[in-house]
1. Please compute the alpha carbon radius of gyration of the stretch 179-257, then divide it by the globular-protein estimate 2.2 N^0.38 Å. Two decimals is fine.
2. Any idea how far apart V252 and R93 come out in nm if each label point goes 7 Å out from Cα toward Cβ?
3. Where in the stretch 204-243 does the label zone of E101 land, with the point 7 angstrom along Cα→C-beta and an amide N cut-off under 14 Å?
4. Going by average Cβ neighbours within 10 Å, how do the peptides 175-182, 120-127 rank, with the highest at the top?
5. At 7 Å along Cα-to-Cβ for each site, give me the label-to-label distance between D132 and Q155 in nm.
6. Of all the C-alpha pairs in the chain, what % are more than 25 Å from each other?
7. Collect residues whose amide H, placed 1.01 Å from N in the peptide plane, falls under 5 Å from the amide H of R21; neighbours closer than 5 in sequence don't count.
8. Provide, in order from the shortest bin, the percent of all Cα-Cα pairs of the stretch 11-139 in each 5 Å bin, continuing until the bin that contains the maximum pair distance.
Amino acid sequence: MKPPPAPKQAPSEPDPTALPRHLAIIMDGNGRWAKERGWRRVRGHEEGAESVRVAVRACRRLGLSALTLYAFSEENWGRPSAEVKALMTLLNRFLKKERQEMLDQGIRLNAIGELDKLPNSTRDLLFQTMADTAQGQHMTLTLALSYGGRQEIVQAARALAHQAMAGELDPGEIDEDTLAAHLYTAGLPEVDLLIRTSGELRVSNFLLWQIAYSEFHFTDVYWPEFREPHLLAALHDYARRQRRFGKTGEQVRGQGG
Ligand code: FPP
């Protein structure tokens, strides 16, 4: 299936008062985009890295506080080793190329997942770039790498169990905030909007806890083709939603929400 082309007319800028604070994206369809053109899958990842650059710049310009990208899942380790290697090389290239832009734009780089599984060169570069950009105040760019939502919750439960066994924590006092504080995303705002590209309607073990109240936007567009007009269209879609958090529409309107 050929994904639809970009909207012909560039959508207008979304209402700045109705933007998500935290946008998360499942960047899917790189392989299919390349295969449909008779190219190697890696070419799709290369073009996908360009879409990453576009999304980061646009989110920073629009004033989002946080952008979290699913760049490599725990399950992705099972892909052919040449593809895994190519993805790590692309990540290294991205980190080197975007470092100065992140510094200039006040973007703090962050990473979540089982980072000790990454190859040494990628991990070193990642940690160095995170340290270099740590003072960035305008936006947090989080790369989910070797990430799995269930694994994240398991490690939080394990950390809490250790604290309880050491007598540092009363199990009866554990609440949602305690658990959230032990997730990789502690300190980031709630995920307001989750976008998934390529027509798949799944969450694929991404931010399972954090998307409890998120709005979802699914698009048929493959990630390598997902550029600023598509992002703006998703943000317009989000701005039209009424977020009720379990309350009634009347209650929310009464709050001016
Ligand atoms: C899913 O497409 C995408 C990935 C597994 C990797 C995402 C990586 C990038 C966008 C490029 C590098 C990242 C950064 C941060 C520079 P798929 O391969 O599963 O596509 P398919 O479902 O069509 O096979």
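1. It is 1.27.
2. Those two pseudo-labels are separated by 4.2 nm.
3. 227-228
4. 120-127, 175-182
5. That separation, rounded to one decimal, is 2.4 nm.
6. Percentage above 25 Å: 47.
7. D192
8. Bins of 5 Å from zero give 2, 9, 18, 22, 20, 14, 9, 4, 1 percent of pairs.
Any read-out appearing in this document is the output of simple, stated calculations on the displayed coordinates, not a laboratory observation. What you see is a predicted model, and the numbers here were worked out from it, not measured in a lab. With ideal geometry, Cβ positions are generated from the backbone for all residues, glycine too; neighbour counts draw on all protein chains shown.
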